[in-house]
Amino acid sequence: MFVYVGSGWELLTGWPAVSRRFQPRIVAEDRMPFRNVAGLPVAPDLTFAEAKRADIVIVGDLAIGREEDTRGRWPAAVEWLRLQHAQGALICSVCTGSLMLAEAGLLDGEEATCHWAAVDQIRSRYPLIHLRPERVLVCAGAEHRLVTAGASASWTDLALYLVARFCGEEEARRTAKIFLFGDRSDGQLPFSARVRPPQHDDAAVAAAQVWVANNYATPNPVTGMTRASGLAQRTFKRRFQTATGYAPLDYVQSLRVEEAKQVLETTDMPIDAIAGEVGYGEAAAFRRLFKRATGISPLQYRQRFRRIREH
């Protein structure tokens with residue numbers, strides 16, 4: 001997932017999206033390939049000795065039984081974690097990975113979360129940690145440089161948090177849409193985005209596109225587009241469809257829905273006000289159009305992306 005941050009959106013939609021990039025690497029005690037507990041092959045990129053300084057470290061979930069005593073385990077990894085934290089790295093864990101942070105002493109006196117099955121282990125063996133097992137994500141320590149996430153599926157919350165923190169909320173929302181992070185019970189439509197129309201060399205149609213980009217909320221926008229193109233109405237509609245792949249009215253509606261999505265994602269503006277903002281005098285008509293385009297209501301859409309803003 002981190003590989004696609006800053007590049008995946010343009011690849012899939014055609015819209016450029018400038019963002020900081022991640023360079024994910026798998027770091028281990030040595031470079032020997034191994035199979036994880038699920039039998040999948042893992043080939044480390046760097047050893048602890050080679051990975052001198054990281055910006056972010058994520059400890060994945062560990063194959064630890066309920067009765068196993070983790071005290072004294074992973075000495076090389078623990079030493080490397082302490083070094084990275086001392087050098088200013090953001091240290092994170094997912095699921096039972098919090099046990100390794102606990103063993104490193106990084107969570108002493110701090111709040112943390114973990115997989116529900118590891119709660120008793122941490123409380124009995126690392127009593128200085130203020131465990132918050134009801135939380136999915138906990139940020140702690142100076143400058144919030146300690147971040148723990150709950151069970152394995154909570155890695156999506158951690159991933160979006162990291163993308164939002166280092167690349168901005170907008171890139172985090174794009175990432176959530178690309179990978180369908182969140183509730184998928186309503187299908188894929190709520191995550192879909194308007195694909196960039198194909199490039200063309202029809203100057204009259206291009207003039208109409210420029211006009212409507214700044215005037216899509218005005219009454220009768222197709223009439224304004226036709227005027228901007230300088231073409232007769234029937235000729236304009238035919239050439240616009242050929243050049244963009246959209247009928248003019250469908251193009252306007254797609255612009256309005258995308259703008260409404262942006263406002264819903266980034267503000268608490270009332271939905272009736274958003275309807276007027278994007279060109280619909282009747283909020284009911286806006287709600288019908290929005291649900292037809294996304295499969296859910298504007299309120300449901302806002303709730304999907306609220307967690308990114310909260311984090």
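Points to keep in mind about this one:
- Region 1-90 - Rg and Dmax from Cα coordinates, angstrom: 16.6, 52
- Solvent accessible area, Å² - Met1, 1.4 Å probe, full protein context: 50 Å²
- Residue-level accessible surface for Leu11, protein heavy atoms, 1.4 Å, Å²: 120 Å²
- The residues neighbouring Pro221, those whose beta-carbon lies less than 11 Å from its own, together hold a net charge of +2 under the Lys/Arg +1, Asp/Glu -1 convention.
- Cα gyration tensor shape for region 260-299, rounded if a/c is under 1.5, else prolate or oblate: oblate
- Semi-axis lengths, largest first, of the ellipsoid equivalent to region 209-311 are 29, 13, 12 Å, with √(5λ) applied to each eigenvalue of the Cα gyration tensor.
- Largest accessible area first, the residues Trp15, Trp155 order themselves as Trp155, Trp15 under a 1.4 Å probe with ligands, DNA and RNA left out.
- Extents of the chain, taken as max minus min of Cα coordinates on every principal axis and listed largest first, are 80, 38, 35 Å.
- Rounded percent of accessible protein surface that carbon and sulfur make up, the chain, 1.4 Å probe: 52 percent
- As a calculated quantity, the FRET efficiency between Phe179 and Ala232 at R0 = 41 Å, using C-beta atoms, amounts to about 0.35.
- Protection-proxy order for peptides 34-40, 213-219, each taking the mean of Cβ atoms within 10 Å per residue, highest first: 213-219, 34-40
- Using a simple spin-label model with pseudo-atoms 7 Å out from Cα toward Cβ, Phe2 and Arg31 lie 1.9 nm apart.
- With K and R counted +1 and D and E -1, the other residues having a Cβ less than 12 Å from that of Phe181 yield a net charge of +4.
- Gyration tensor verdict on region 130-180 (Cα atoms; rounded if a/c is under 1.5, prolate if a/b is larger than b/c, oblate otherwise): oblate
- Length released on extending from Ala206 to Glu143, taking residue separation times 0.36 nm less the Cα-Cα span: 17.9 nm
- Relative contact order %, the chain, counting alpha carbon pairs below 8 Å whose residues are six or more apart: 12 percent
- Separation of region 75-138 and region 141-220, taken as the distance between their Cα centroids, equals 31 angstrom.
- Overall form of region 34-187 per C-alpha gyration tensor (a/c, 1.5; a/b vs b/c): rounded
- Distance (nanometres) between label positions extended 7 Å along Cα→Cβ at Leu40 and Glu282: 5.0 nm
- Exposed-site-free run, longest, the chain (rule: GluC sites (Glu not before Pro); DSSP loop; at most 13 other C-beta within 10 Å): 135-281
The values are calculated or read from the model by the stated rules, or taken from the named source; none is laboratory data. Here the structure is a predicted model, which is why all the values come from computation and not from measurement. Neighbour counts run over all protein chains shown; Cβ positions are idealised from the backbone, glycine included. Heavy atoms of the whole protein, side chains included, go into the accessibility calculation; ligands, DNA and RNA do not. Shrake-Rupley method; radii C 1.70, N 1.55, O 1.52, S 1.80 Å.
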